[in-house]
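Please read the structure below before turning to the comments.
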Amino acid sequence: MNAYRRLFSGPLGAIAIAVALAALAMIVAGVSPIAGFSALFGGALGGTSNIAETLVQTTALLFPALGITLAFRGGLFNIGAEGQLLIGGLAAGAVGAHLHAPTAVAAVVLLGLGAIAGGVWGGLAGWMKAYFNANEIISTLMLNFVAAALASYLVVGPLRSPQATGAETAPLPHSAWLPLIVPDTRLSISILVAVALAFLLRFVLTRTIFGYELRAVGEAPEAARRNGVQMRRMTWLTLALSGAISGLGGATIVTGVMHTFNTELSPGYGFTAIAVALVGDLDPLWVCVAAFGFGILESGGLAMQAVAQVPKDAIHVIEGCIILILAARRYVATRTESAPV
Amino acid sequence: MDLDVSAGEIHALVGENGAGKSTLAGIAFGSIAPDAGTVSAGGTVGLVHQHFELVGRLRVWQNIMLGREPRKGWHVDTNAARARVAELARRNGLPIDPDAFVDELAIGIQQRVELLRELEREPSVLLLDEPTAALAPAEIDAFFGTIVQLAARGTAVLVVTHKLQEVINYSKRVTVMRHGKIVAHFETAKTSVDEIARAMVGGNLPAVAARAATAPSPCFVADGLFAGESETAIAGIGFAVRSGEIVGIAGVEGNGQTTLADAVAGMIPYRGTIHIGGNAGIIPQDRNKEALVMNWSIVDNALLGRQHTPRVRHGLLLDRNVARADAQAIVDRLDVRCATLDVAVKTLSGGNQQKLVVGRSLFGEPRFVLAYNPTRGIDVGAAALVQSRLIEARNGGAAVLLISFELDEILAVADRILVMYRGAIVGEFERASVDRATIGRLMAGSR
């Protein structure tokens, strides 16, 4: 009951306000909000193929959102999910193009590689934080640019496929594609992996010693340090695992959706995922729900633009409002708690 | 609630933590708005705060005249300001160097600056909120000497404190608060420490546990210990704590106690040796930051620090059932008042939070216990319980190192007393041969 109320006063309230603001914007732009939103939801949820596409977007957001959830719960502001996603995809694409193996083996190898690559990328920021006290907000953000530059260089240069028209790696052999759940759509089994991961993450946070210590560090670092938590190890491990989850997500986009790697892998999933994680109140299962909500916005936005002539950017207005409201709420909560009594 | 303070009177306001004393003082000063009712004062009101509100990087005169600087054209009239401060200091018998930097002054002198700043406004009412919390016994006497003179010249003084001996020594009347209400008024001359204490807790104080005979053998040894830097460094400290013994470290805050505690707890690097013969239980100074996770339940907090012990650890997993049973045991043993074990500890009172911390530290019968201000800021009842549990741990054969800023606590609990001053041990007393006055002098740095 209490959790429900908290959710409504927080994330759900934020969503309601954001939707109201978007409706207002549509009225100002001379479009009926009813037409706009029905186009949005129709495009996202009307028919099997639309729903499948919404779930593809959901999956793409869910992995980085879970990675961010883990880091935030551990008190580390990993805003490098975008780069970790890209590096994970890059690893899967670079190896996948030359991997001829049964689908099950290929899936395990490529997704594992993606996780390792993302983990190294996140762990790098963690190592810098643990041993040189480098602010992880700066380092994870900067590593996004490094990842983007590295990926661009590789797909234009050494990894570029001679057959391809654009700058991308050679296509993955069919045997390396993730199996589809719904035929003739882009929805692969990766969504099952993502949801399973959410349950696993919840279990880790609530039942394991690692999760217990991670939450202790996130809530009260000094108390954790004084009660047997090895802070350095915790710092790099948290960011490495966070990066690994995003990297895994990048690999699922390559093996499940694109079947090749290029720098168009993410239109900013790693940043939107921050909002997804916050709307989900940093609880892995609620993050799944939030990811579905944002998936609707992402996939319905195009339909809204086409049918109701509402620019797709209106979606970003909604997302931006949600982030602002949630950030303000957290700020206000902190201020109130620390105010002198 | 009603309270009046007459001109020329020193009026003491006492009560347990959370009884509402500071709120009342804040309302009287005007920094907190009352929900209802009125406050009237015949003139201006000055407030000397528990935690000094001084600008450390500024000089004494700059602090005292801050916001009321005499001007000469566009500039501060430095000479006039200095002269004003010197005159103020002389008139009130509070000698001070107007040009000294505040952060280079001793705590007792900083208090003097704080007091002078309020006196500069010539208040007719002076509020003192726990003014002696950071002072050595000799400094306390000097401080109240000044206050008595001020009152004699017609200032009404309201002292908020929990040190009952000061109340008896210096006040004319006493008002006791409990749970936000005034529960008793006394003429100081017609009352006693016991009577005031009973009014504060609303009944008799729980008795502190009796000490049993023990067979001491060395358990904790520190030798040639160096740690920390500058003012709060410790230099060449060496002492032992035997099993079945409580060693109390007396001293005024800021003389290296935190550095010593952190070194013993293994939280900071040090030179020298520390040997601990057995498992240790640590009660840190700041329960909010160093001991508890405020948003967590009692169960999760009761586990903190023990998460790697085989008792609760099954491979990578935590045994939630054992954790809950242990939390229940701690809550029962320390009489932690809570609705359920699942409430967040931030909803508990300070005393109950501290009892949880103490119970957790004593769980599993540690051979060595470090208790740093274990009763600071908690009510008298909870404090007596905590002290009893420490004595019981000692009776059970634990070596207890008690670091406290409250000399009374150390005198009540310790078998042996070490006095700490400027990072060194400057005196040692057996319980049987305690000389309070000598300890007080050593704490203040004189021999």
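The values are calculated or read from the model by the stated rules, or taken from the named source; none is laboratory data. Keep in mind that what you see is a predicted model, and the values were worked out from it rather than measured. Here Cβ is always computed from backbone atoms with ideal geometry, including for glycine, and neighbour counts include all displayed protein chains.
A few remarks follow.
- Some residue of the stretch B:314-321 being touching a residue at least 12 places away in the same chain (Cβ under 8 Å), within 11 Å of chain A (Cβ to nearest Cβ) and surrounded by 15 or more Cβ atoms within 10 Å (Cβ to Cβ): yes
- B:Leu303 of a type outside the set (Gly, Ala, Ser), surrounded by 15 or more Cβ atoms within 10 Å (Cβ to Cβ) and facing chain A (nearest Cβ under 7 Å): no
- Looking only at residues of the stretch B:402-446 that are under 11 Å from B:Ile249 (Cα atoms) and hydroxyl-bearing (Ser, Thr, Tyr), we find that the one that is surrounded by the fewest Cβ atoms within 10 Å (Cβ to Cβ) is B:Tyr421.
- Among the residues examined, A:Ala176 does not qualify as away from chain B (no Cβ under 14 Å), farther than 26 Å from A:Leu99 by Cβ and among the small types (Gly, Ala, Ser).
- Scanning the stretch B:165-195 for residues that are part of a helix (DSSP H, G or I) and surrounded by 13 or more Cβ atoms within 10 Å (Cβ to Cβ) yields B:Glu166, B:Val167, B:Ile168, B:Asn169, B:Tyr170, B:Thr188, B:Glu195.
- Within the stretch B:322-345, the set of residues being of a type in the set (Asp, Glu) and buried (at least 16 other Cβ atoms within 10 Å of the Cβ) comprises just one member, B:Asp326.
- Filtered residues of the stretch A:215-250 (kept if farther than 19 Å from A:Leu124 by Cα and either of a type in the set (A, V, I, L, M, F, W, C) or in a helix (DSSP H, G or I) (or both)): A:Arg215, A:Ala216, A:Val217, A:Gly218, A:Glu219, A:Ala220, A:Pro221, A:Glu222, A:Ala223, A:Ala224, A:Arg225, A:Val229
- A single member of B:Glu187, B:Glu195, B:Glu229 is at pLDDT below 90, among the charged types (D, E, K, R) and under 30 Å from B:Leu105 (Cα atoms), and it is B:Glu229.
- Test for B:Leu348: is it crowded, with 21+ Cβ neighbours inside 10 Å and either of a type in the set (Gly, Ala, Ser) or in the same structural domain as B:Ser297 (by TED's automatic domain parsing) (or both): yes
- Any hit, the stretch A:187-200, residues being among the aliphatic types (A, V, I, L, M) and within 14 Å of chain B (Cβ to nearest Cβ): yes
- Only one of B:Val357, B:Val380 that is among the hydrophobic types (A, V, I, L, M, F, W, C), within 28 Å of the chain's Cα centre (by Cα), within 14 Å of another protein chain (Cβ to nearest Cβ) and closer than 30 Å to B:Val252 by Cα: B:Val357
- Across the stretch A:208-246, the qualifying residues are those that are more than 7 Å from every other protein chain (Cβ to nearest Cβ) and β-branched (Val, Ile, Thr), and the one among them that is farthest from A:Ala65 (Cα to Cα) is A:Val229.
- Residue satisfying all of: in the stretch B:269-300; under 23 Å from the mean Cα position of the chain (by Cα) and surrounded by fewer than 18 Cβ atoms within 10 Å (Cβ to Cβ); nearest to the other protein chains (Cβ to nearest Cβ) among these: B:Lys289
- Residue check for B:Ala291: in contact with a Pro (Cβ under 8 Å, 6 or more places away or on another chain) and closer than 17 Å to A:Ala224 by Cβ: yes
- Residues of the stretch B:42-76 that are among the small types (Gly, Ala, Ser) and part of a loop (DSSP other than H, G, I, E, B): B:Gly42, B:Gly43, B:Gly56, B:Gly67, B:Gly73.
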